[in-house]
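Below you'll find the structure, written out as C-alpha cells, and then a few comments.
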Amino acid sequence: MSSPAEPGPGVLVVVGDLLEDIVVWATEPIRAATDSAARVFRSRGGSAANVAAHAANRTPTRFIGRVGDDGAGAALVSALASGGVDVRAQREGRTGAVVLIVAPDGERTMFPDRASAAELADVDAGWLDGIAWLHAPSYGLEHDPMRSEVRRLIALARERGARVSIDASSTGLIDGLGVARVAGWLAELRPDVLFANETEAELLGIDGGGRAAASVAARVVVKHGPRPTEVFDAGEPVARVPVPPVAEVRDLTGAGDAFAAGYLAAALAGADAGSACAAGHGLAASVIASPGGDVEPERPRPAPGAHAVHRRDGRF
C-alpha cells in the first residue's frame, strides 16, 4: 500500500452523488407547525460532486455518478462540467435532490431523495483511465446496486495502483446501516485515508486513534470543527493541525467536502499530513458563509478534454 502522503501524477476520481440542493436558511428560530421566516436557494449539490467541483482547479479531477434523464440532470451535469470537472455520468430515471434546513447558528438538517444517484451500476472501466486516487463518500455504500459498484470501482482502482479515500459522511447513515457493519466494510476496503468529523469518529469508536482506527484505514483524519484536526497513521497520532478562525459561520453544508477536496489535491501534489489538512481547512473556510456546498471562488474554465458523456439509452 502506498503512503497517503506519497506524490503521484494522475487523475483524482470521485464517485458518488450529483444532486440538486434546495437550501432553506431560517432567518429566525424555527417554529414547529407554523410559518418560520427563511431564504431559499437552489444549487448543484451532492457530496461527491462537491468534492470534485472544489478539487478541479487544483488537480485533474473526474466525477463518476448517475443523474436522471431529465432537465434537472442535464443542468447539473452542465454546471459541474463548466467548473473544469471531467464528468462521466449515466442518465436514467429521475434526478435526486436534498432539502437542507439550516438554522441561524449554521447547523443543518437534511432530507435526501437520492433517486437515480443511488442506482449507479455497470460503470465502464475506462472511466478510471489515468486514475491516481479514488475518493468515495460513504453515501455510495447505503444501497445496492451502488454499494456493490463502489466496492468494484475501489478494487479496480487498487489494481491500477491508485490510492483510495472514503468519507464517513453521516452519523445517520452509519446508524442506519449499523456501526459494526460499516466498521467491517471499512476494515475490508482498507482505505488509505478515512475522513470523519468528530461525531462520526465517536460513533465508529476511532476518535482517539488506537487499534480501532488502525483497523479501518491506514490514515484516519478526524475533524473537530473549529478545534484542531487530528491525523492518525496506523492508529498513532502523527499531526494535530490548528483550524484558522473564520469571520462567519452561516451554513456548514459542504464544508467537509471542501476539506476533503483541499486535502486530496494537496496530497496528490506530495504534501504531508499537516500541509494537506491546512489546505483542507482553507478550502472549507470558503464555503461556510454561503448557502449549500457549491461555492468556489475563481471558478476555472473547463479543462481541455473535460466533458460530459450523453447517450439516450442512459449509459454515458
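A Cβ distance below 9 Å, combined with a sequence gap of six or more or placement on separate chains, defines the contacts here; from segment 28-47, residues that are β-branched (Val, Ile, Thr) reach residues that are not in a loop (DSSP other than H, G, I, E, B) in the pairs 30/38; 30/101; 40/22; 40/23; 40/24; 40/25.
Taking segment 63-79, which residues are surrounded by fewer than 24 Cβ atoms within 10 Å (Cβ to Cβ) and either under 21 Å from residue 11 (Cβ atoms) or not small (Gly, Ala, Ser) (or both)? Matches in segment 63-79: 69, 70, 78, 79. Take the conditions (1) hydroxyl-bearing (Ser, Thr, Tyr); (2) closer than 23 Å to residue 64 by Cβ; (3) free of Cβ contacts under 8 Å to residues at least 12 places away in the same chain; residue 169 misses just one of them, which is (3).
Taking residue 82, is it surrounded by fewer than 19 Cβ atoms within 10 Å (Cβ to Cβ), of a type in the set (S, T, N, Q) and closer than 30 Å to residue 271 by Cα?
yes
The number of residues in segment 35-71 being within 15 Å of residue 95 (Cβ to Cβ), of a type in the set (Gly, Ala, Ser), under 21 Å from the mean Cα position of the chain (by Cα) and not in a loop (DSSP other than H, G, I, E, B) comes to 5.
Could you check, for segment 16-34, whether at least one of its residues is assigned to a loop (DSSP other than H, G, I, E, B), acidic (Asp, Glu) and modelled with pLDDT under 95? The answer is yes, given that some residue of segment 16-34 is assigned to a loop (DSSP other than H, G, I, E, B), acidic (Asp, Glu) and modelled with pLDDT under 95. The criterion of at least 2 residues that are touching a strand residue (DSSP E or B) at 6+ places or on another chain (Cβ under 8 Å) is met by the following helices (runs of 4 or more DSSP H) wholly inside segment 72-190: 146-159, 179-189.
Once segment 95-113 is narrowed to residues that are of a type in the set (Gly, Ala, Ser) and more than 17 Å from the chain's Cα centre (by Cα), the residue that is farthest from residue 40 (Cα to Cα) is 106.
Here's the yes/no breakdown for (1) over 22 Å from residue 110 (Cα atoms); (2) exposed (fewer than 15 other Cβ atoms within 10 Å of the Cβ):
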{"site": "146", "(1), (2)": "no, no"}
{"site": "166", "(1), (2)": "no, no"}
{"site": "181", "(1), (2)": "yes, yes"}
{"site": "187", "(1), (2)": "yes, yes"}
{"site": "219", "(1), (2)": "yes, no"}
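Only a single criterion out of (1) surrounded by 21 or more Cβ atoms within 10 Å (Cβ to Cβ); (2) farther than 20 Å from residue 100 by Cα is not satisfied by residue 114, namely (2).
The values are calculated or read from the model by the stated rules, or taken from the named source; none is laboratory data. Computed from a predicted structure; not experimentally measured. Every residue, glycine as well, gets a Cβ built from its backbone with ideal geometry; the counts of neighbours run over all protein chains shown.
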